[in-house]
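Engineer: Supplied in structure tokens, the structure appears directly below.
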Amino acid sequence: MLLSLAGWIGRGRALLRAGLLTSLLVAPALAQLPADILALEKKIAATAPAARPPLLLELSDRLEPIDIERALTAAQLARDLATSPAGRLAAVAQQAALYRQRGDYAKAMELARAGLTEAEALPDDRVGARFHYVIARTEWSLGDYPASTASFREAIRRAEKVNDLALLCDAHTGFSTLYQSLKQADRASDELEQARRLAERLNDARRLGDYYKVLGNEFAANGDRAKARVAHENSRRLHEQAGNERGVADALQNLAGLATTRDELTTGEADCTRALAIYERLGLPRHRLNAERELGRVLVKLGRPKDAIDHLTISLQLGLSLGGPAAAANAYRELAIAYEAAGDTRDALDAQRKFQVQNDAVVGEKSRQQIAVLNARYDADRRETEIALLRGEQARKQAELNAKNAELLASATELGRVKAVRLALGMGLVAGAVALGAFVQLQRTQLRAERRVFAETKVAKEAAEEADRMKTRFLGIATHDIRTPLGNIVNLATELRTDPRSAERAEYVDVITSEAQRVLCLVEELLTIAALETGKLELHPAPMDFAEVVHAAVGTLRWQANAKRQIILFLPPAPNSTVMTGDAHRLHQVVTNLVSNAIKFSPPGKTITLALTRTESTLTLTVHDEGPGLSQADAARLFTPFATLSAHPTAGESSHGLGLSIAHEIVRLHGGTIRVESQPGEGAMFIAEFPAAMKPGS
């Protein structure tokens, strides 16, 4: 019974597959299919079922731009006939890509994520790269640019690993489009140039057509319409050559947009209408929504706003149904313009408000910062990988060089011995000459190798330095985002302190203010370190009173001192004696770091004394604490970043070792010097001396 049932199931599957194949090969999806596709279909029909899946996937790929439903049928049949997990997953990846092209983003993501999970278990980087690419394109269509950025990176990494040039080309092209959406022109150009090289290497007319399409959009975004037109004409020509009707329609739509900007409205309407007809015939709602919107723009300029509203409404409905906020935002924007042209100000205002809501959902500041972090992290990782590869190559070449040296030396030794035996003492001179020649050749070979190794080492060093700079940029991005909310906390706590109704909560406000101020100082120090390491810390010198800077800095730190029952004493300077030229913000940072250091390392109940004195050529700041003092070893490394000292903060405060190194650099940038005078058990006096660029009272 079981055997009979299994036989019927197997026979049913065979009939199903045969039915799918028959439907695929005989259904008149289009009036006329290209000859190469017809030839491929005949080849599939004549091939054994077990060998059909790769051919069916090839057929699906060729059908995709001209008959997406037929392409889906071919992919489904390849999936059913697959005899291995990798073959089945390749078909699933093709199906996911086709659903994305059709605009069914939910189905595309469902298939791609499930397929990726299976691919990870195999593992299979080739099909995994394909799934990551489909996910990246779908996330881009849905407006999730940070997630799309990460997915594109992973798709490229895996495609490089398995040397899948076609997928690499597609990923770099798609990534360029993403960067164009984010207005990151340099990165868009870099990705597009890599796509061009790969398309030319593959000699693929369709992918070259896609390259010219994205290039034309780049030119258009930069305002160079003449170059944009040439690029889109090239795109149309190449897609016609490849038999890619969807690509031809894309080129026509882009040419329509350019014609509209040049007020060639009749041409624009004609091109856009042709593109829309192709998209409707191919069943591509995702592409159709853009064509409907473009046609609406043209009709507004032609003075036909009511017709424009009809097309723009269709574009909006398609955008909302496909779940793409960017598409919906663009439709609302054009609808607002069309309603206004039709004299319907109420609907125009409503569309404008909805545009703003959708547009804000596309790329907020958080998304931009998240993408910047991903880019910095990716660039640093890639450079570290390149450095590792260079080092490995150097080690390999050095090993080869050592082996050649040993071989040459052995040959020279053997040659000398044989010559000595055969020719005796009379031929010793000749043997010596031969050995000398071999030695000279050896030296030359070694010299050339050493020069090559030196050059490669230099390249690796530069790459390492660049990676380090990237990490510094990442640090700057991360810390910058913390500073603003902390500043708000400090300001609000200060307002609460001055509110008489909250007097009984003053102690809590002190804690909030002190802790927020402490973290805010740390953020400021991290940003300063990042700027110093990249050489981008700029001073903004202006006439200022240093005494006012000291008073302000001390005021922000009194809460910390009060918590340890410490007194901060600022000895009053002579009248009009503390005027100088400097960057008040950076000098405030110097004073804050020196006094904060004194508070940390002084025991409770002690006094910290500040003074400003002036001579004819120097303005001097001194900060004297009553802490444990410094040993000679501590004093020697005091001003280096992240220095660890033998002394410890007296109340368990954190000490990251940045403050004094930052103070040292800021003083140096002002043309001054900073030093410390201390003995163990006698406290420490920090002395910062600045050139008196302005005389008192000047």
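The values are calculated or read from the model by the stated rules, or taken from the named source; none is laboratory data. As the structure is a computational prediction, the values presented were derived from the model and not from experiment. Cβ: placed from backbone, ideal geometry, glycine included. Neighbour counts: every protein chain shown. Only protein heavy atoms, including side chains, enter the accessible area calculation; ligands, DNA and RNA are left aside. Shrake-Rupley method; radii C 1.70, N 1.55, O 1.52, S 1.80 Å.
Engineer: Hey, what do the phi angles of segment 610-626 turn into as Karplus ³J(HN,Hα) couplings, whole Hz, using 6.51/-1.76/1.60 and θ = phi - 60°, x for Gly and Pro?
Structural biologist: 10, 8, 10, 10, 9, 10, 4, 10, 9, 10, 10, 9, 10, 10, 10, 10, 10
Engineer: With only Lys, Arg, Asp and Glu charged, each at its Cβ (+1 for the first two, -1 for the last two), find how big the charge dipole of segment 26-135 is about the Cα centre; round to the nearest 20 debye. Intermediate values should be presented prior to the final figure.
Structural biologist: Working: 13 positive and 14 negative charges, 23 e Å.
Using Cβ point charges on Lys, Arg, Asp and Glu, segment 26-135 gives about 100 debye.
Engineer: Using θ = phi - 60° and the Karplus curve 6.51 cos²θ - 1.76 cosθ + 1.60, what whole-Hz ³J(HN,Hα) does each residue of segment 171-185 get, with Gly and Pro shown as x?
Structural biologist: Each residue's phi maps through the Karplus curve to give 5, 5, 5, x, 5, 4, 4, 4, 5, 4, 4, 8, 6, 9, 4 Hz.
Engineer: Could you work out how much longer the chain between Glu69 and Thr615 gets when fully extended? Use 0.36 nm per residue separation minus the Cα distance between them, nm to one decimal. Please report the intermediate quantities before stating the final value.
Structural biologist: Values: separation 546, 0.36 × 546 = 196.56 nm, distance 8.73 nm.
Contour length minus the Cα-Cα distance gives 187.8 nm.
Engineer: For Asp344 and Ala35, FRET efficiency with R0 = 56 Å and r from the beta-carbon atoms, rounded to 0.05?
Structural biologist: On the way: r = 52 Å, r/R0 = 0.93.
That gives a FRET efficiency of 0.60.
Engineer: Now a separate question. By the scheme Lys and Arg +1, Asp and Glu -1, what is the net charge of all other residues having a beta-carbon under 9 Å from that of Arg126? Intermediate results must be reported in sequence, preceding the final value.
Structural biologist: On the way: positive: Arg130, Arg158, Lys161; negative: Asp124, Asp125, Asp164.
Its environment carries a net charge of 0.
Engineer: Here's another thing I want to ask about it. Using 30 Å as the Cα-Cα cut-off, could you pick out the over-long pairs in Lys43/Lys161; Lys107/Lys161; Lys161/Lys227; Lys213/Lys301? Walk me through the intermediate numbers first.
Structural biologist: On the way: Lys43/Lys161 32 Å; Lys107/Lys161 28 Å; Lys161/Lys227 35 Å; Lys213/Lys301 25 Å.
Distance filter (> 30 Å) returns Lys43/Lys161; Lys161/Lys227.
Engineer: Would you mind computing, in nm to one decimal, how far apart the modelled labels at Thr273 and Gln241 are, each placed 7 Å from Cα along Cα→Cβ?
Structural biologist: 3.1
Engineer: Quote to one decimal, in nm, the extra length available between Gln679 and Leu165 on full extension: 0.36 nm per residue of separation minus the C-alpha distance between them.
Structural biologist: Values: separation 514, 0.36 × 514 = 185.04 nm, distance 6.73 nm.
178.3 nm is the gain from fully extending Gln679 to Leu165.
Engineer: Between rounded, prolate and oblate, where does segment 57-216 land on the alpha carbon gyration tensor, with a ≥ b ≥ c its root eigenvalues, rounded for a/c under 1.5, else prolate if a/b exceeds b/c?
Structural biologist: prolate
Engineer: Tell me the net charge near Arg70. Cut-off is 14 Å between Cβ atoms, Arg70 excluded, with +1 for each Lys or Arg and -1 for each Asp or Glu. Provide the component values of the computation, followed by the final result.
Structural biologist: Details: positive: Arg62, Arg102, Arg246, Arg281; negative: Glu41, Glu58, Asp61, Glu64, Asp67, Glu69, Glu245.
Neighbourhood net charge equals -3.
Engineer: Now for a different question. Spelling out what I want: for every residue of segment 219-236, take phi, set θ = phi - 60°, compute 6.51 cos²θ - 1.76 cosθ + 1.60 (Karplus), and round to whole Hz; glycine and proline get x.
Structural biologist: For segment 219-236, the Karplus curve yields 4, 4, 5, 8, x, 9, 6, 4, 5, 4, 5, 4, 4, 5, 5, 4, 4, 4 Hz.
Engineer: Sorting Ile278, Ile314, Ile337 by accessible area (1.4 Å probe), largest first, what list results?
Structural biologist: Details: Ile278 25, Ile314 55, Ile337 80 Å².
Putting Ile278, Ile314, Ile337 in descending order of accessible area: Ile337, Ile314, Ile278.
Engineer: If R0 is 41 Å, what FRET efficiency do you get for Ala114 and Ala221 from their C-beta distance, rounded to 0.05?
Structural biologist: Values: r = 36 Å, r/R0 = 0.89.
Calculated transfer efficiency: 0.65.
Engineer: What number comes out for the charge environment of Gly303, summing +1 per Lys or Arg and -1 per Asp or Glu over other residues with Cβ under 14 Å away? Working shown, then result.
Structural biologist: Details: positive: Arg297, Lys301, Arg304, Lys306; negative: Asp263, Glu269, Asp307, Glu340.
Local charge sum for Gly303: 0.
Engineer: Keeping all protein chains in place and using 1.4 angstrom, which order do Leu178, Leu537 fall into by accessible surface area, from largest down?
Structural biologist: Final ranking, largest accessible area leading: Leu537, Leu178.
Engineer: Suppose every Lys and Arg Cβ carries +1 and every Asp and Glu Cβ carries -1, with no other charges. What dipole size does segment 195-342 come out with about its Cα centre, to the nearest 20 debye? Please list the in-between numbers first.
Structural biologist: Values: 23 positive and 20 negative charges, 77 e Å.
Roughly 380 debye, rounded to the nearest 20.
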